[in-house]
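Enquirer: Before we start, here is the structure in question, set down as structure tokens.
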Amino acid sequence: MNTETVHDGDRAFTFPSLCDALRWLGLVCLSLWLSGCATGSYSGSPAGQWVTIQQGDTLGKIARDADIPLLRLTRFNPGVKIRDLKVGQRILVPTASERAPSGGPYRYQLRPGDTYSKVGRYFGASPQRILAANTGLNPNDLKVGVLISVPLNGGPSRSAPIGRASAGSLVARPDPGPLKKPRQLWRWPATGQVVREFGTNNNGQLAPMQIRTGTNSVASAPAKGQVRFADTMRQLGNVVIIHHSGNLQSVLAQCGEILVKVGQQVAPGTPLCRVARDHAGQNELLFDVRHGGKPINPRDILEKR
């Protein structure tokens, strides 16, 4: 594993490479978003539409109906609180072709009535920066359906670049209470050598377990659960998040090809993704376990080996 002596987002002392650290911060940010379930108030896919929240709606349900990641939906609605939706609120549901990496730039599809100023006000972005990022388009003749780049101004309330956010603000979560170990210990998600254990690095930040695997290795579900996220995160490659019983979540990052879909139920050993080759030419899987959103040592619930 590479080391560096002292930037994601779609992430004097010596510690694991800064790229690795940013991957971890991106993983922390991503795994904080947990979806809910409820009966929707609309028919068909809401993708690409403005949706008015009605009784029983949740962002998790809307994201599943639109077949997009929950994180992307929340980032397209700055200021909307995931667990405090109000009846009558209007939210923007992105299409599958739109993207919202941490810190931007967003890939946004123009809608009727859009101007650079209107889009900038919505996302907290500078119209001048949007203009500069889309030099091939005439701002006075914008076409509905065209994808544009929206650079963000930054700031913690506007999906700030992960590398600039404090680690403490990303990991602060309510106390989930004592961990109850599952009756059956979890399987290891991949075979190979643990090249980094879970723990605090020299920078005082928690780092996930890192498992070095062979070429073309497949990572699998460590326990029964439901896939809640299966998409790309900048600096993390493809990421799969599974929710398990006991208020536990597993996060597998630096995946290549994803082999499951959001909403899919998985059993222990179900193939989730192929392990990708990292910047150093190694096939290494980042494995994170959370209890109520708080990181725990995977070895606390993994089979002994």
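Enquirer: Sorting check: for 62-72, 107-117, 216-226, which peptide has the highest mean count of neighbouring beta carbons within 10 Å, and how do the rest follow?
Expert: The peptides rank, most packed first, as 62-72, 216-226, 107-117.
Enquirer: Can you run phi through the Karplus equation (6.51, -1.76, 1.60; θ = phi - 60°) for segment 90-100 and list ³J(HN,Hα) in whole Hz, with x for Gly and Pro?
Expert: Per-residue couplings from phi come out as 10, 10, 9, 9, x, 8, 5, 8, 8, 9, 9 Hz.
Enquirer: Measure up Lys61/Lys261; Lys86/Lys224; Lys180/Lys224 against 23 Å on the Cα-Cα distance and list the ones that go over. Write out the running numbers ahead of the final one.
Expert: Numbers: Lys61/Lys261 15 Å; Lys86/Lys224 33 Å; Lys180/Lys224 16 Å.
Cα-Cα > 23 Å for Lys86/Lys224; rest within.
Enquirer: Moving on to the next point. So what's segment 217-276 giving for Rg/Rh, alpha carbon basis, Kirkwood Rh from the mean inverse pair distance?
Expert: Reported Rg/Rh (Cα atoms, Kirkwood Rh): 0.93.
Enquirer: Given a 1.4 Å probe and every protein chain left where it sits, what share in percent of the accessible area of segment 45-142 is carbon and sulfur? Before the final figure, lay out each step's value.
Expert: Numbers: 2240 of 4610 Å².
Whole-percent figure for carbon plus sulfur exposure: 48.
The values are calculated or read from the model by the stated rules, or taken from the named source; none is laboratory data. Source: prediction; values computed, not measured. Positions of Cβ are backbone-derived with ideal geometry, glycine not excepted, and every protein chain shown enters the neighbour counts. Side chains included, ligands, DNA and RNA excluded: accessible areas come from the protein's heavy atoms. Shrake-Rupley method; radii C 1.70, N 1.55, O 1.52, S 1.80 Å.
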